[in-house]
Amino acid sequence: MVKVSLRNITKRFGKVVAADHITLDIQDGEFFTFLGPSGCGKTTTLRLIAGLEVPDEGRVYFDDVDVTDWPSYRRGVGMVFQNYALWPHMTVFDNVAYGLKIRKVPQSEIKSKVKEVLELVRLEGLENRYPHQLSGGQQQRVALARALVVEPKLLLLDEPLSNLDAKLRIEMREELKELQKRLGITTIYVTHDQEEAMVLSDRIAIMNNGRVEQVGTPQEVYRRPSNLFVATFIGRTSVLEGVVTAIGDFVEVKISDIKVKGVAINEVSVGDKVYVVLRPHDFSTRKEEEEVNIFEGVVEWMAFTGGLLEARIGISGGKILVTLDDEVPASMGKKLRVFVPWRNVIILKA
Amino acid sequence: MISKSRLREVKKSLDPLIAFQYIFSYFYLILFLLLPIATIIRQAFLYNGAFSLHWFQKVFSDPDFFSLSPRGGMFFELHGDTMYIWGIDHGYILNSLIVAATVTISASIIGVIAALIIARYDFPGKNVFRILILIPMLATPFVNAYVIGKFFQPRGGLLNFIFYDVLHILPWRIDVNGLAGIALAQTLAFYPIVYLNVLASLMTMDPTMEEQAESLGAGGFKLFRTITLPLSMPGLAAGATIVFIFSLEDLGAPIGFIGYSGNPLARRVMSVYVFDDFAAAVTGAISPITSAIAVILVTFAVTGFLAIKKYVTLKTYATLSKGGRWKPRTRKLGFKGMALVYPFFILLILSASIPQIGVVILALTDWAISGLAPKSITFEYISRLFTDPNVVRAISNSLLYSGAAVLLAVILGSCSTYVIARSKLPGTDALDSLLTMPIAVPGIVVAVGYFLFFTGFFRGTILDPLVDPALLLIFAYSVRRLPFTARSVFAGLQGVHESLEEVATTLGATRFKSFFDIVIPLIAANVIGGGILTFVYSMSEVSTSVTLGALREDRGPITFYISQVIYGTAAVGTVSVAAALCLLLITVQVIALAVSNYILKQRVAFLGI
Ligand SMILES: Nc1ncnc2c1ncn2[C@@H]1O[C@H](COP(=O)(O)OP(=O)(O)OP(=O)(O)O)[C@@H](O)[C@H]1O
Ligand SMILES: [Mg+2]
């Protein structure tokens with residue numbers, strides 16, 4: 001197992017900066033995810049770690065050894081590609097056995113190791129099939145088995161679940177997590193699906209335009225997003241603009257005629273313009289003692305989704321999205337009063 | 001300025017495999033293509049040891065080479081009961097250009113019409129026409145013109161006999177020969193090249209383009225002129241240019257006409273001039289005049305090639321040859337249309353297939369000696385292919401050279417296209433051009449270049465063509481027919497996603513290993529398909545075979561043997577045996593195309609042959 005360090009890693013394709021001075025450490029045994037919108041440079045970063053791309057600047061370290069100039073085949077990583085990249089002219093067995101053959105493992109040992117890893121990914125009995133004779137989920141597991149069988153120090157997974165249907169995706173996601181914990185292998189995962197990232201990861205790096213915007217646990221990036229991009233990318237949000245009026249244990253912000261208390265992520269001072277980030281799930285209709293964090297407005301749109309009520313409320317400083325108990329008496333065009341606890345209100349410097 | 005990151009990129013690309021492939025490709029192409037041509041250029045511009053335009057001045061001031069005023073010849077002249085259509089002599093250079101321009105225009109007209117009909121209309125028998133229209137592409141070197149001559153002979157020619165003597169439709173006998181004969185034979189042989197290229201353009205064209213224009217009110221000729229023609233321009237430009245180049249370098253038609261009638265005008269083109277001078281080269285030298293002519297030839301050809309380069313590079317070719325992304329827009333042909341289309345195709349195919357039909361008749365009957373029409377069937381000439389020691393030797397020489405050339409072309413083609421497809425090394429675009437360029441370099445120029453370069457720098461060695469031309473023929477074939485293999489392999493490589501190799505390298509495979517374990521098995525069909533085409537077109541290669549091959553009789557390949565028979569410089573056999581050899585070439589070609597089409601499921605890589 002291995003600890004991976006990136007120092008100032010930069011990669012440009014012409015004018016596009018696919019990786020922009022990325023510096024971070026991935027701990028031994030950690031399940032680490034790069035999360036971001038399409039084209040933000042996740043795959044590129046993964047490929048830089050695998051040695052499939054050469055960085056323009058910066059260094060890559062495995063356990064403090066500089067591997068930047070090592071070719072891919074020396075790095076000992078296992079990688080699963082977005083398209084699985086199974087070799088169409090080889091059977092499942094040959095696909096999985098390839099890495100062992102390269103390592104000149106004796107024939108009998110190859111047999112037993114392939115058998116073992118196929119059991120691990122629950123593909124026993126499919127050894128002699130060709131890739132085109134497998135379902136998407138099975139192909140994905142062959143790709144995983146092929147990467148795992150050589151007992152890599154580091155497992156790199158590029159959107160391995162994105163080609164599967166929703167149900168299978170959730171199943172495979174659980175299997176993957178369980179497998180990773182069992183093997184204890186350092187794993188770097190790439191996805192644009194925030195839910196997947198939240199469920200799987202020990203820590204997440206949120207990427208945008210080649211830059212890493214924030215690194216943190218799922219809890220941290222959700223509750224304490226370091227900027228507006230992260231705040232709006234993770235989870236659903238309503239964003240209001242306001243001005244800081246007081247600072248204490250909490251920060252007080254005025255949004256047109258509403259007073260809001262919240263937690264500031266960055267340094268702010270009185271008079272600063274700020275964004276107030278609100279999560280729909282944090283709202284309730286419970287009455288509160290204090291005269292803050294109360295929003296009142298007309299319901300402009302509403303819908304019932306599985307036991308919950310979703311509504312958009314027009315308030316004086318903008319619009320907010322709320323998710324409430326579906327027992328709440330609300331109707332279109334009528335006024336509704338909602339409340340949000342101050343610890344859940346995120347305040348970001350504008 | 002080369003940036004540091006670019007250097008790193010290059011350094012990463014330069015693993016041992018790529019480095020070897022890169023160096024090997026350039027080494028081979030420089031040694032067997034660029035340096036020989038450079039030697040010609042050097043000799044053409046050298047006079048008394050200094051750079052000079054002397055030889056070009058000499059050539060252009062000699063009316064034998066270049067004359068704006070006519071120097072004889074007959075063009076639609078009536079003498080007695082015969083109309084002579086021979087062409088007017090303006091010296092070697094202008095003659096070649098006039099013939100090539102005529103052939104290009106007429107082949108383009110025929111090719112475009114045929115392609116438009118096939119691409120846009122449906123009618124019964126279309127698929128039969130589609131196949132028959134390609135018959136002229138079957139190789140009948142030298143014998144084709146011989147047969148055309150035999151058809152047009154004023155006395156005893158089949159056409160004149162039928163239309164003048166029997167049916168009395170023609171007011172006079174017609175004698176098509178000389179430059180006009182060459183132009184006719186070449187038009188009939190080369191129009192399929194335009195046809196195929198234009199057809200490919202039309203097939204890959206998005207049909208909504210035309211629909212859009214129609215919905216805006218454009219129809220009929222306007223639609224054709226404003227939308228269809230401009231969009232098929234890439235195919236037309238490529239096809240027409242290749243026809244121009246082929247006509248310039250063609251030896252088969254002129255030698256065929258010289259062979260059967262001794263017509264003096266058939267001699268008066270640049271390719272024959274070079275060829276004749278080459279015959280004198282056995283004594284050891286090629287004159288600088290010939291080099292100057294070769295430089296002129298190569299200038300025209302390469303200029304043409306550069307003009308169409310962007311349509312014929314590997315990269316474009318790979319996208320074009322996929323084709324059929326759209327369902328082509330076709331329309332049922334009405335009765336009036338059919339009344340035009342059927343006669344057009346039947347007449348075209350019949351007249352264009354005259355050489356092939358004639359070859360079959362010559363090979364299987366006594367037509368060569370029976371006069372007007374064949375009298376009996378005989379397998380005597382076919383059996384000579386297996387019994388006559390000279391013929392057997394020519395066949396085995398051809399098989400040996402072509403086989404070896406395929407091997408080299410496959411190695412070279414795989415190496416170079418892999419470098420182009422996968423590495424970011426500087427010079428890959430130039431390599432792409434070099435791989436496609438042999439299409440444009442006249443074979444006769446290659447022959448002159450090889451002679452000058454290898455007799456000059458490798459005198460007395462095994463590479464000296466005066467010692468033994470066999471090796472040089474193999475290298476010449478491999479370079480001249482390289483584009484077939486290169487294109488096919490490149491198309492294959494584009495179908496192999498890079499991640500298939502990358503995943504192997506993450507598993508510990510070097511590029512060398514992944515190339516052989518992953519890439520080669522996946523492109524095997526393309527390699528074989530390209531190799532087959534290279535083989536076929538090596539077997540029927542003319543220009544270097546009849547020049548370099550002539551330097552040592554026992555090393556001559558099939559086409560050299562045929563030329564000997566037709567040209568009549570040596571009494572080595574009869575034209576019927578030559579026809580039997582053509583039949584052999586045709587058979588090989590048909591089998592090979594069938595294999596690559598139906599077994600390997602490849603669209604025939606005819607495009608821009
Ligand atoms: N080989 C390349 N050549 C040129 N540009 C590239 C190359 N690879 C990636 N890019 C560009 O770099 C940027 C980042 O690409 P990358 O594939 O890393 O994104 P990604 O985050 O993995 O996106 P996705 O979620 O769509 O897979 C994109 O703008 C992309 O177009
Ligand atoms: Mg990606």
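Remarks
- A:K177, sole failed condition from (1) of a type in the set (K, R); (2) within 30 Å of A:R236 (Cα to Cα); (3) within 14 Å of another protein chain (Cβ to nearest Cβ): (3)
- For first residues located in the stretch B:117-131 and small (G, A, S), partners that are in a helix (DSSP H, G or I) and lie 6+ apart or on another chain with Cβ distances below 6 Å form the pairs B:A119/B:L199; B:A119/B:L202.
- Residue match in the stretch A:77-89 (condition: closer than 27 Å to B:E498 by Cβ and away from chain B (no Cβ under 14 Å)): no
- Lone qualifier among B:A405, B:A339 - being touching a residue at least 60 places away in the same chain (Cβ under 8 Å) and either in a helix (DSSP H, G or I) or in contact with a His (Cβ under 7 Å, 6 or more places away or on another chain) (or both): B:A405
- Among the residues here, A:G39 does not qualify as in a loop (DSSP other than H, G, I, E, B), away from ligand 2 (no atom under 12 Å from the Cβ), more than 11 Å from chain B (Cβ to nearest Cβ) and under 20 Å from A:T191 (Cβ atoms).
- Qualifying residues in the stretch B:483-505 (those that are among the β-branched types (V, I, T) and assigned to a helix (DSSP H, G or I)) - the one farthest from the other protein chains (Cβ to nearest Cβ): B:T485
- Hits in the stretch B:365-394 - residues which are closer than 21 Å to B:L159 by Cβ, assigned to a helix (DSSP H, G or I) and not hydroxyl-bearing (S, T, Y): B:W367, B:A368, B:I369
- Taken over the stretch A:42-82, the criterion of being hydrophobic (A, V, I, L, M, F, W, C) and more than 16 Å from ligand 2 (Cβ to nearest atom) is satisfied by A:V54, A:V60, A:F62, A:V65, A:V67, A:W70, A:V77.
- Looking only at residues in the stretch B:465-482 that are of a type in the set (D, E, K, R) and not in a helix (DSSP H, G or I), the one that is surrounded by the most Cβ atoms within 10 Å (Cβ to Cβ) is B:R481.
- Residue in the stretch A:135-156 that is within 16 Å of ligand 2 (Cβ to nearest atom), at pLDDT 90 or above and under 13 Å from A:Y189 (Cβ atoms) present: yes
- Residue list for the stretch B:506-531, restricted to those being more than 7 Å from chain A (Cβ to nearest Cβ) and of a type in the set (S, T, N, Q): B:S514, B:N526
- Residue within the stretch A:76-96 that is under 21 Å from A:V190 (Cβ atoms), away from ligand 1 (no atom under 16 Å from the Cβ) and outside any strand (DSSP E or B) present: yes
- Out of B:A38, B:A19, sole residue that is more than 26 Å from the chain's Cα centre (by Cα) and among the small types (G, A, S): B:A19
- Of the helices (runs of 4 or more DSSP H) lying entirely inside the stretch A:184-260, the ones with 3 or more residues being over 30 Å from A:K153 (Cβ atoms) are found at A:228-233.
- In the set A:D193, A:D202, only one residue is within 16 Å of ligand 2 (Cβ to nearest atom), surrounded by fewer than 18 Cβ atoms within 10 Å (Cβ to Cβ) and under 11 Å from the mean Cα position of the chain (by Cα); that residue is A:D193.
- Failed criterion for A:Y73 (all others in (1) at the interface with chain B (Cβ under 8 Å from one of its Cβ atoms); (2) more than 22 Å from B:H497 (Cβ to Cβ) hold): (2)
- The criterion of at least 2 residues that are modelled with pLDDT of 90 or more is met, among helices (runs of 4 or more DSSP H) falling completely within the stretch B:1-71, by B:16-29, B:35-44, B:54-61.
- Top-ranked residue in the stretch B:147-168 [being farther than 12 Å from B:I357 by Cα and touching a Leu at 6+ places or on another chain (Cβ under 8 Å); ranked as modelled with the lowest pLDDT]: B:G156
The values are calculated or read from the model by the stated rules, or taken from the named source; none is laboratory data. Small disclaimer: the values here were computed from a predicted structure and weren't measured. Here the Cβ is made from the backbone with ideal geometry for all residues, glycine too, and neighbour counts use every protein chain on show.
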